[in-house]
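J.: This is the structure I have questions about; it appears just below.
Nothing in this text is a laboratory measurement; each read-out follows from the coordinates by a stated rule. All of these numbers come straight from a predicted model, not from anything done at the bench. Cβ coordinates were reconstructed from backbone atoms using ideal geometry, including for glycine residues, and neighbour counts include every protein chain displayed.
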Amino acid sequence: MKLSKIYISCICFALLFMNTQCDDDDMETSNCGQPVVIDNVFYESATSGFYDLMSFDINDDCLTIEVSSSGCNGTSWSMVLVDSGEVAESSPEQRFLKFVFTNDEACLAVFQQSRVFDLTSLRVDGSNEVVLNIEDFPEAINYVYP
């Protein structure tokens, strides 16, 4: 009788443990860095510090932005990509974003840094492409996804 209680307890534990396991096929993951913030209030009020845009590039779902600015070492810099939350109904659809750069360092040296942003949250249902209009960037970015 004692053996059957232990046996039943082990089976229940095993079933509970298997129930907590994730199915990797159900989860969409990205190897990108920061997520894009989708917040119209933040977008409308956001202002950026001074920076020079060195380059930008999309690779799969990852947008890499490289900037330079004056500073002491650049370790305290903050970089956020903010989406307005609005989608322009065009072909392809368009989204409007701001790159918000914050630099409180008061030194005269110039440093470069890059940040990678995960674009998957900017996908538009029923489409495989969206144009990203990032304020103060020299050109729109065409984001194509599966």
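J.: Roughly what % antiparallel, to the nearest 5, for the DSSP beta bridges in the range 31-144?
T.: Looking only at bridges with both residues in the range 31-144, the antiparallel portion is about 75 percent.
J.: With θ set to phi - 60°, apply the Karplus curve 6.51 cos²θ - 1.76 cosθ + 1.60 along the range 40-47 and write out the HN-Hα couplings as whole Hz, x wherever there is a Gly or Pro.
T.: 5, 5, 4, 4, 5, 9, 6, 10
J.: Treating only the Cβ of Lys, Arg, Asp and Glu as charged (+1, +1, -1, -1), what charge dipole size does the range 31-144 show about its Cα centre? Round to the nearest 20 debye.
T.: Charge dipole, the range 31-144, about its Cα centre: 260 debye, nearest 20.
J.: What are the extents of the Cα atoms of the range 31-144 along their three principal axes, listed from largest to smallest and rounded to whole Å?
T.: Result for the range 31-144: principal-axis Cα extents of 48, 29, 24 Å.
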